[in-house]
1. Give THR554, THR497, THR521 a once-over and let me know the one that is at pLDDT 95 or above and surrounded by fewer than 16 Cβ atoms within 10 Å (Cβ to Cβ).
2. Could you list, in sequence order, the residues of the stretch 354-370 that are in contact (Cβ under 8 Å) with a residue 60 or more places away in the chain and in a loop (DSSP other than H, G, I, E, B)?
3. How about the stretch 379-406: which of its residues are at pLDDT below 95 and under 34 Å from the mean Cα position of the chain (by Cα)?
4. Return only the number of the condition from (1) at pLDDT 90 or above; (2) out of contact with any Leu (no Cβ under 8 Å at 6 or more places or on another chain) that LYS263 does not satisfy.
5. Name the pairs whose Cβ atoms lie under 6 Å apart, with the first residue in the stretch 537-557 and under 15 Å from PHE453 (Cα atoms), the second aromatic (Phe, Trp, Tyr), and 6 or more positions between them or separate chains?
6. For the stretch 262-319, which positions are touching a strand residue (DSSP E or B) at 6+ places or on another chain (Cβ under 9 Å) and of a type in the set (Ser, Thr, Tyr)?
7. Tally time: how many residues in the stretch 492-537 are closer than 26 Å to HIS345 by Cβ, of a type in the set (Val, Ile, Thr) and in a helix (DSSP H, G or I)?
Amino acid sequence: MGSLVGEGKFCEADVGNIVSMGEKETKHDSLNENQSKPVSDDLPHNQQLQDLLEIGKNKDGIQIPPVAVAVRNIDTMIPPHSQLPKPEAPPGKNPMNSQSPPSPEKFSGIDMPAFGKFFQERSNSLSSAIAKKLSSLSEDRVTEFNLSGLKVIVQHKKDDQEVEIEHGNLNSKIRGRITFFSRSNCRDCTAVRSFLRERGLRFVEINVDVYPPKERELIERTGSSSVPQIFFNEKLLGGLVALNSLRNSGEFDRRLVEMVGRKCPDAAPAPPVYGFDDPEVERTDEMASVIRVLRQRLPIQDRLMRLKIVKNCFSGFETVGVMVQHLHCSRNKAVEIGKQLARKHFIHHVFGENDFEDGNHFYRFLEHEPLINKCFNFGGSINDNEPKPAAVVGQRLTKIMSAILESYASEDRCHIDYDAIGNSEEFRRYVNLTQDLHRVDVAELSSNEKLAFFLNLYNAMVIHAMIRVGRPNGGIDRRSLYAEFQYLVGGYAYSLTAIKNGILRGNRRPPYTLVKQFGATDKRLEVALLKVNPLIHFGLCNGTRSSPTVRFFTPHGIEAELRTAAREFFRRGGIEVELDKRTVSLTRMFKWFDVDFGQDKEILKWVIPYLDSTKAGLLTHLLSDGGPVNIVYQNHDWSVNS
């Protein structure tokens with residue numbers, strides 16, 4: 001005798017004939033003979049079947065959701081009432097279709113698309129977790145716990161203010177102002193500037209070399225002229241030592257946060273006023289009154305002399321006559337005054353033959369010289385004030401230009417922002433200051449002072465040329481730039497080529513030319529250096545990537561500074577030694593100026609003291625074994641160092 005299949009489950013093997021019960025009127029005796037026969041043989045079992053069938057009805061006779069039962073080989077499905085809502089399939093499962101044959105998916109109860117989506121989501125989550133783990137390990141303040149079979153990484157959440165300070169996001173919220181006083185070429189000032197830039201903080205730098213009147217304010221606020229001095233609004237933080245102390249203790253960030261919400265008061269150091277020059281006490285030249293009379297009274301004409309027209313000139317005879325009439329002096333006294341005017345570069349002989357003489361000799365005012373109006377430091381009139389000492393003028397120009405590089409060039413000086421320099425107040429002041437060069441006495445400089453003066457002037461003029469003329473596009477443009485960009489210095493026009501080849505190289509021929517820079521009667525020969533120092537080539541920057549980096553020199557340390565410049569140039573790739581190929585690769589500068597360095601092995605011996613130990617050892621080995629050494633010259637990168 002059969003029994004119930006356990007707990008409402010049934011197997012496909014036990015499925016017999018399915019009896020479906022419809023409406024309430026359906027009779028249980030509608031079973032066929034094959035089904036009823038085994039039931040009638042066993043009355044207890046038949047009674048049990050009746051009890052199970054009654055489960056499908058409630059007290060009102062309404063059928064409830066089906067229950068599948070099986071007796072021996074008979075399974076019964078009790079359907080729900082037709083008016084009741086049909087049950088929905090569970091999420092992720094498809095409803096059974098009674099007319100279609102059962103598939104393996106339906107019997108397994110697994111939705112394969114959902115199963116694949118599950119694995120894809122888990123895979124993405126795993127990849128994301130791995131990426132987050134790797135990135136989190138690179139962050140600061142991360143604690144790593146190693147557990148058995150499990151790794152947990154805990155990262156402390158940073159305070160919002162700390163995150164803003166770290167990423168420089170406070171700039172948009174800071175209402176106050178960070179100010180620090182500095183000087184050019186100050187290592188401590190450079191450290192403060194670098195720190196503020198690394199933190200992404202805006203600041204106002206007041207360089208007392210660029211703005212001399214600000215030094216008095218510095219002394220009044222701090223009691224000393226030492227720099228750097230840092231201010232948060234009107235409050236003094238101190239110098240570099242104080243900054244390091246505040247930074248290490250965390251006090252710097254706290255004070256910075258305090259400054260965020262506080263507007264900068266009027267008592268704080270005021271930023272420099274742009275577009276206005278500081279008042280300076282200028283001494284008027286003693287000959288200024290005389291030259292004003294001559295400019296008004298002399299008949300200036302174009303004259304034919306030596307088969308050429310000489311423009312804007314006057315004779316010595318006419319000059320003496322005007323001075324006798326208006327200065328009430330003798331002719332001899334007038335001649336002496338004329339010689340003083342020539343020595344002070346107010347007037348020049350049209351052919352440069354003499355200082356000043358009475359008679360039929362012709363002269364011009366300095367502003368009427370043919371090349372003067374093309375000089376980029378000439379604004380239409382000559383500076384008639386008493387000339388300052390050339391060393392003082394050169395030092396002042398160097399300090400301003402050093403301040404420009406500290407603000408607008410990379411720390412290694414390999415890249416210069418010419419556009420930013422051209423729009424800066426520092427550069428405007430530099431250009432105005434170059435007018436003090438008009439009549440300076442360069443001949444009074446010592447040898448080292450002259451060397452530093454013209455090295456610095458050359459490098460400053462290159463920066464000025466890149467801003468005012470623009471970047472040269474080829475060889476012709478470069479040659480034109482170096483030959484035609486000029487300054488009026490000490491009464492004469494000096495181009496970049498004239499400074500390099502005429503002054504610094506002792507009037508030697510420029511590369512690929514047949515004549516010297518200055519002729520035999522050129523007055524600028526008096527200023528040329530008598531001895532050529534080959535190291536000057538490592539102190540001159542022509543504005544290209546392959547040239548030495550721009551720098552400025554001091555008269556008392558010029559030799560050591562030039563040696564440092566040479567070592568840095570070779571360290572940056574100015575020479576390469578290949579021992580296996582017995583080849584030395586040199587900068588093309590040695591080929592252009594071989595007359596300054598020597599030939600072949602002389603050049604190699606000359607460079608050894610300026611190389612690092614590795615390259616010096618390799619080169620010494622090549623030169624000492626007696627074998628041949630191949631010298632090749634590197635290609636010069638003429639692109640601008642911007």
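1. Just one listed residue meets the conditions, THR554.
2. Within the stretch 354-370, the subset in contact (Cβ under 8 Å) with a residue 60 or more places away in the chain is 365-366, 368-369.
If the condition is that a residue be in contact (Cβ under 8 Å) with a residue 60 or more places away in the chain and in a loop (DSSP other than H, G, I, E, B), then GLU369 is the only one that fits.
3. The answer is GLY379, and nothing else.
4. (1)
5. LEU540/TYR458
6. Scanning the stretch 262-319 gives THR284, SER315, THR319.
7. Here the count works out to 4.
Conditions (1) of a type in the set (D, E, K, R); (2) under 36 Å from the mean Cα position of the chain (by Cα); (3) over 20 Å from ASN448 (Cα atoms), marked per residue:
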| position | (1), (2), (3) |
| --- | --- |
| ALA560 | no, yes, no |
| THR564 | no, yes, no |
| ARG572 | yes, yes, yes |
| GLU576 | yes, yes, yes |
| LEU579 | no, no, yes |
| THR587 | no, yes, yes |
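The values are calculated or read from the model by the stated rules, or taken from the named source; none is laboratory data. Predicted model only: the values in this text are computed from it and were never measured. Please note: Cβ atoms are built from the backbone with ideal geometry, for glycine as well, and neighbour counts cover all protein chains shown.
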